[in-house]
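K.L.:
Let me give you the structure first, and then I'll get to my questions.
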Amino acid sequence: MITLQHTRASAVVREPAVWAAAQVLLLGVVGATAGLGPLGWAAGLAYGFATWAFLGYGMQRHRTASLGPADRVTLARGLMVGAVTALVADRAGQDVPVALVVTLAAVALSLDWVDGQVARRTGTSTALGARFDMEVDAFLILVLSAYVAVQMGPWVLAIGLMRYVFVAASWRFRWMNASLPPSYARKVVAAVQGIFLVVAASGVLPFAGVLVGLALASLVWSFGRDVLWLWRNAGVPVGGSGHV
């Protein structure tokens with residue numbers, strides 16, 4: 001029994017550590033090709049360490065000895081998010097290698113569909129995997145909104161911060177912790193945020209500000225609808241998923 005527990009504990013530590021090492025390697029490649037200063041390295045390493053720590057904690061909490069195939073796709077997405085974070089932080093929104101940032105962000109967003117398909121087809125959907133996928137998405141949206149805000153104004157940050165404000169509010173108002181019913185509209189709104197922010201970051205459309213404004217408006221509507229539903233149904237158990 002002790003040997004089995006030791007083996008599981010080692011696996012919980014080892015796999016996230018391997019991915020953290022992969023994050024460092026990717027940062028090294030980005031640094032060698034596009035250049036990364038101390039701030040970029042600090043942001044990228046902090047992101048990699050946080051991913052390693054929180055994922056390890058989640059695996060222990062859920063008593064998961066190894067990650068599933070869909071989780072590994074999410075981790076690959078997370079590596080790209082780490083690189084985007086490093087690039088945006090390093091340049092403070094100025095002289096950012098736009099093509100590289102947009103490519104990494106677009107691939108990370110595209111793989112969001114892949115990890116869901118992999119989880120369903122392999123029957124490996126887990127609460128940990130769903131939460132990890134949600135956190136990767138949320139942080140990418142936050143980083144992209146910070147980058148776009150440099151060009152369009154601080155109001156864009158509301159897109160990236162809204163989900164974290166929702167979580168913070170749920171610490172004060174316990175009724176906001178209830179599960180929400182599944183919603184296709186919620187998924188569409190979540191997808192729109194990333195797509196429109198990537199388009200805005202690319203700078204290829206002159207009316208990108210309108211798209212970002214529409215994205216923010218749809219997000220306000222989505223969160224407002226969910227908060228109202230939670231308030232009206234406080235104390236009523238309903239199966240579903242939380243806000244992405």
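K.L.:
Hey, among 214, 157, 197, which residue is open to solvent by less than 50 Å² (accessible area, probe 1.4 Å), modelled with pLDDT of 95 or more and at negative phi?
P.N.:
Among 214, 157, 197, only 197 is open to solvent by less than 50 Å² (accessible area, probe 1.4 Å), modelled with pLDDT of 95 or more and at negative phi.
K.L.:
Now for a different question. Might you let me know whether the stretch 96-109 holds any residue that is within 27 Å of residue 154 (Cβ to Cβ) and in a loop (DSSP other than H, G, I, E, B)? Full working, then the answer.
P.N.:
Within the stretch 96-109, the first condition is being within 27 Å of residue 154 (Cβ to Cβ), and the residues that meet it are 96-106, 108-109.
From what's left, in a loop (DSSP other than H, G, I, E, B): 96-97.
Yes, there is a match, as at least one residue in the stretch 96-109 is within 27 Å of residue 154 (Cβ to Cβ) and in a loop (DSSP other than H, G, I, E, B).
For every residue, the table says whether it meets (1) of a type outside the set (Val, Ile, Thr); (2) free of Cβ contacts under 8 Å to residues at least 12 places away in the same chain.
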position: 115; (1), (2): yes, no
position: 136; (1), (2): no, no
position: 151; (1), (2): yes, no
position: 154; (1), (2): yes, yes
position: 166; (1), (2): yes, no
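K.L.:
Counting only residues that are without any contact (Cβ under 8 Å) to a residue 40 or more places away in the chain and in contact with a Phe, Trp or Tyr (Cβ under 8 Å, 6 or more places away or on another chain), which one in the stretch 49-79 is most open to solvent (accessible area, probe 1.4 Å)?
P.N.:
Out of the qualifying residues, it is 52.
K.L.:
Got at least one residue in the stretch 167-188 being open to solvent by less than 40 Å² (accessible area, probe 1.4 Å), under 26 Å from residue 96 (Cβ atoms) and part of a helix (DSSP H, G or I)?
P.N.:
No - not one qualifying residue is present in the stretch 167-188.
K.L.:
Test residue 30 against the criterion of being closer than 22 Å to residue 140 by Cβ, of a type outside the set (Ser, Thr, Tyr), at pLDDT 85 or above and open to solvent by 20 Å² or more (accessible area, probe 1.4 Å), and give yes or no. So that I can check it myself, show each step before the final result.
P.N.:
Details: closer than 22 Å to residue 140 by Cβ: yes; of a type outside the set (Ser, Thr, Tyr): yes; at pLDDT 85 or above: yes; open to solvent by 20 Å² or more (accessible area, probe 1.4 Å): no.
It is false that residue 30 is closer than 22 Å to residue 140 by Cβ, of a type outside the set (Ser, Thr, Tyr), at pLDDT 85 or above and open to solvent by 20 Å² or more (accessible area, probe 1.4 Å).
The values are calculated or read from the model by the stated rules, or taken from the named source; none is laboratory data. Keep in mind it's a predicted model, so treat the numbers as computed, not measured. So basically every Cβ, Gly included, is an ideal-geometry build from the backbone, and we count neighbours across all protein chains shown. Heads up: the accessible areas ignore ligands, DNA and RNA and are worked out on the full protein's heavy atoms, side chains in. Shrake-Rupley method; radii C 1.70, N 1.55, O 1.52, S 1.80 Å.
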